[in-house]
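The values are calculated or read from the model by the stated rules, or taken from the named source; none is laboratory data. Everything quoted here is computed from the prediction, not taken from an experiment. Don't worry about glycine lacking a Cβ; one is built from the backbone with ideal geometry, like all the others, and counts go over all protein chains shown.
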Amino acid sequence: MPSHSYPPPQDWGHYGEPEPEPPPPEPPARPRDGMGVAALVLGLIALVMFWTALLGVVLGVLAVVFGVVGYRRVGRGEATNGWMALTGAITGFIGLALSTAVIAAAVAFLNSDEVDDFRDCMRNADTSSESQECVDDLRERYW
């Protein structure tokens, strides 16, 4: 056996064939920010239109749902507008709460004894002057 040893030969691939090019890198995925934008827009509209009860409730619920979905996308790295999604969910929730309060106040008003008295008065009124007295009486009770 010889006293010195040589390192193993290097694998240089096939002579004369070019090395294959690596595949091009995939372009970065575009952020999916649509849910956050929709949540903010719907939340702001719900906040402004809460007094129209139905619009406030529907748009508020949609804003909360879109805001939660958009915020979860941010957590998974699919979107970049977390503040927008969160703001939309919060404004949607506030609009929903205000609309619910308007609906509760309207139901309480319509089920009150004063409104029942007004309805009875209007049913028993035969002339326009008697109807006007019913309206005046209701107005005095509330305003």
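Any idea which of Leu40, Leu86, Leu44 is under 8 Å from the mean Cα position of the chain (by Cα), at pLDDT 95 or above and either assigned to a helix (DSSP H, G or I) or within 30 Å of Ala105 (Cβ to Cβ) (or both)? Spell out the reasoning first.
Values: Leu86 fails: under 8 Å from the mean Cα position of the chain (by Cα); Leu44 fails: under 8 Å from the mean Cα position of the chain (by Cα).
Answer to the selection: Leu40.
Just checking, how many residues over segment 74-96 are surrounded by fewer than 13 Cβ atoms within 10 Å (Cβ to Cβ) and either among the charged types (D, E, K, R) or outside the structural domain of Ala63 (by TED's automatic domain parsing) (or both)?
Filtering segment 74-96 for residues surrounded by fewer than 13 Cβ atoms within 10 Å (Cβ to Cβ) gives 75-77, 83.
Right, trim to either among the charged types (D, E, K, R) or outside the structural domain of Ala63 (by TED's automatic domain parsing) (or both) and you get 76.
Residues in segment 74-96 being surrounded by fewer than 13 Cβ atoms within 10 Å (Cβ to Cβ) and either among the charged types (D, E, K, R) or outside the structural domain of Ala63 (by TED's automatic domain parsing) (or both): 1 in total.
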